[in-house]
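Chemist: Shown below is the structure under consideration.
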Amino acid sequence: MQDYYPKEIYVDQSVLDLPHTKRILAKFPKLPVHIVTDRSDIKFPQDHSRAKKQLYLARHKGQAVKSCQGMGDYVCCQYYTLALVSDCHLECTY
């Protein structure tokens, strides 16, 4: 797996003072940091590869742990999924 190194960081204002946010920002002291008050301000069309180099720190809204949803009429595996991130830095295609 390749290491992830963003080119800029966006931080939702509501998480700015949280310990995790401070710890992440301390790891990238030379990167530009943009404070976001409204998520829609950073939602604009841009090149996919460029977007993967931007890190957005925000509070996860929703369930972090969910049971595996399975597919159609199939019996599910009885595993649980853990949602900690949205997207990833790898150039995946599905």
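The values are calculated or read from the model by the stated rules, or taken from the named source; none is laboratory data. If you're wondering where the values come from, they're calculated on a predicted model, not measured in any experiment. FYI the Cβ positions are ideal-geometry reconstructions off the backbone, even for glycines, and counts take in every protein chain you see. Ligands, DNA and RNA are excluded from the accessible area calculation, which covers all protein heavy atoms including side chains. Shrake-Rupley method; radii C 1.70, N 1.55, O 1.52, S 1.80 Å.
Chemist: Taking region 23-42, which residues are open to solvent by 100 Å² or more (accessible area, probe 1.4 Å) and within 25 Å of residue 82 (Cβ to Cβ)?
Modeler: 23, 27, 39
Condition check ((1) outside any helix (DSSP H, G or I); (2) among the aliphatic types (A, V, I, L, M); (3) modelled with pLDDT under 95) across all residues:
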{"position": "6", "(1), (2), (3)": "yes, no, yes"}
{"position": "17", "(1), (2), (3)": "yes, no, no"}
{"position": "21", "(1), (2), (3)": "no, no, no"}
{"position": "41", "(1), (2), (3)": "no, no, yes"}
{"position": "61", "(1), (2), (3)": "yes, no, yes"}
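Chemist: Hey, can you tell me all the residues within region 4-22 that are more than 13 Å from residue 55 (Cβ to Cβ) and open to solvent by 100 Å² or more (accessible area, probe 1.4 Å)?
Modeler: Across region 4-22, the qualifying residues are 13, 17, 22.
Chemist: If you take the residues of region 23-37 that are in a loop (DSSP other than H, G, I, E, B) and touching a strand residue (DSSP E or B) at 6+ places or on another chain (Cβ under 9 Å), which of them is nearest to residue 60 (Cα to Cα)?
Modeler: Only one residue fits best here, namely 37.
Chemist: Next question. Quick one: in region 43-55, of everything that is under 15 Å from the mean Cα position of the chain (by Cα) and open to solvent by 60 Å² or more (accessible area, probe 1.4 Å), which residue is modelled with the lowest pLDDT?
Modeler: Among residues in region 43-55 that are under 15 Å from the mean Cα position of the chain (by Cα) and open to solvent by 60 Å² or more (accessible area, probe 1.4 Å), the one modelled with the lowest pLDDT is 48.
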